[in-house]
Amino acid sequence: MRFNEKELLCISKQPSEKAAELGMRGPKKGDVVKRRLVKLVINFLFYFRTDEEEPAGALLLEQCKVEQEEPMAFSVAFLDESEKKYLFECESSEQCQEWVESLTRASYEFMRRSLMFYRSEIHKLTGKDPLEQYGISEEALPGQLSKTL
Amino acid sequence: MLLRFLLQKPKSDKMKLNERSVVHYATCDSPADKTGHLYKKGERNTAYHRRWFVLKGNMLFYFEDKESKEPIGVIILEGCTVELCESMEEYAFAVKFSCAKSRTYKMAAESQAGMESWVKALSRASFDYMRLVVHELEKQLEEMQTLHGLPGTARSHKKSSGRAKSKSISAAAPAVATLAKGPQATYNRSQEETVHFATTAKENGVAWNKPNVVLNGLCPTNQGSKTLPGESCSNDGTKPPPVPPRRKTVTGGVTSTLESPVSPGTVCFSKLHDWYGKEVTALRTQWQQDQ
């Protein structure tokens, strides 16, 4: 499948929500833990070999499950192959929990649900659609959101 | 010597992407923001090919046809600009990126309405835009709950009130219109164009605080769970989804605005959408005149 790699590279260079050097193990049998600089930018998780400017790879964080595995490690698995997990080893359980939190929220799908929630709650309080007040009509919303009220 | 050359990682190695899972995302039953046929100009081949497009979030997938099982490719839309363009092809528009040497994707819709609709959808298809809207609503809900003295479902998942909440408008500001005199008009979302708002934000610059996002009891493992936080919350009114993370601006600085009922952030946002609405109206008038 083709994708615009240059843009993905550009995204990887932007300021991140979260970045740290972690131990990372791929999902395949036989993969071993390697030190990687792991960087979260919008809904992509980039991983860099230490001292390299360009990421070795990126994970799009949609349709995925983030779980704490051990006190100091978490996994990222995709719903199409949920047994295949990327494992990340942290320095502390606090760091681990922070990553789990951040990655759980790092999907467009998650934000869409947040939007639905806030819109609905405000509508309950005021009887008005908060998005209309700001001049965002039904058409201005990404398709699915226009059906939420 | 030769061995060393062979073992060196060539710089042209393509970045790995979790392609299989991305393909699954494209084809699974998660909601699409828009689907339809569009003509897409080939990269080297200058012919337009009719493809089936599926927009999900900030990813625009294209398939050979509607029945295809896998996409041919995906255009990651974050940071793009969508422009109408002059072309032999009717209802043409282009998706452009600001980074160096990036490809411009030329497309054409099958009708005026189709073109307008796609241009709008693609202009808004960024993670940053969505995040801006969510932040704004979250803030509104909090304000309302404070004003009404209600138990704060929005507030309850914040840490101590001593922390200044900050939000960067400039990085996330969507379209800044430039209504050109000619037939061209743009929905421009490049970061540089947000200067208007960035200036305001900088004047009220507040040091960026580390985003403290608190779990509100939602199980962090339920990324893929069937229970939507939104749904469960409206039913029992308790657990809202946690706050989406904040983000620094891409200008490298720490421009941000204090969130308060009178913050420029609020004013910016309503101005933004007010003006955005005017932009759309103006464009529509122009198109109608051109008919």
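In table form, for the structure just shown:
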item: Among the residues listed as B:62, B:25, B:48, B:39, the single one being modelled with pLDDT of 95 or more and surrounded by fewer than 21 Cβ atoms within 10 Å (Cβ to Cβ); result: B:39
item: Segment B:48-73, residues that are outside any strand (DSSP E or B) and touching a helix residue (DSSP H, G or I) at 6+ places or on another chain (Cβ under 8 Å); result: B:57, B:58, B:69, B:70, B:71
item: Qualifying residue in segment A:31-43 (condition: open to solvent by 70 Å² or more (accessible area, probe 1.4 Å), in contact (Cβ under 8 Å) with a residue 12 or more places away in the chain and either of a type in the set (S, T, N, Q) or in a loop (DSSP other than H, G, I, E, B) (or both)); result: no
item: Qualifying position, being more than 10 Å from chain B (Cβ to nearest Cβ), modelled with pLDDT under 95 and over 14 Å from the mean Cα position of the chain (by Cα), among A:89, A:5, A:83; result: A:83
item: Filter result (surrounded by fewer than 15 Cβ atoms within 10 Å (Cβ to Cβ) and without any contact (Cβ under 8 Å) to a residue 40 or more places away in the chain) within segment B:100-123; result: B:100, B:101, B:104, B:111, B:113
item: Filtered residues of segment B:55-75 (kept if at the interface with chain A (Cβ under 8 Å from one of its Cβ atoms) and of a type in the set (D, E, K, R)); result: B:56, B:70
item: The listed residue being modelled with pLDDT of 95 or more, at the interface with chain B (Cβ under 9 Å from one of its Cβ atoms), over 30 Å from residue B:129 (Cβ atoms) and over 10 Å from the mean Cα position of the chain (by Cα), out of A:49, A:35; result: A:49
item: Residue count, segment B:138-155 (criterion: in contact with a Leu (Cβ under 9 Å, 6 or more places away or on another chain), at pLDDT 85 or above and surrounded by fewer than 21 Cβ atoms within 10 Å (Cβ to Cβ)); result: 2
item: Given (1) in contact (Cβ under 8 Å) with a residue 60 or more places away in the chain; (2) open to solvent by 20 Å² or more (accessible area, probe 1.4 Å), index of the condition residue B:69 fails; result: (1)
item: Residues that are touching a strand residue (DSSP E or B) at 6+ places or on another chain (Cβ under 7 Å), open to solvent by 20 Å² or more (accessible area, probe 1.4 Å) and facing chain B (nearest Cβ under 9 Å), drawn from segment A:8-26; result: A:14, A:16, A:17, A:18
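The values are calculated or read from the model by the stated rules, or taken from the named source; none is laboratory data. For clarity, every value in this text was computed on a predicted model and none was experimentally measured. Here Cβ is always computed from backbone atoms with ideal geometry, including for glycine, and neighbour counts include all displayed protein chains. Note: areas computed on protein heavy atoms with side chains; ligands, DNA, RNA excluded. Shrake-Rupley method; radii C 1.70, N 1.55, O 1.52, S 1.80 Å.
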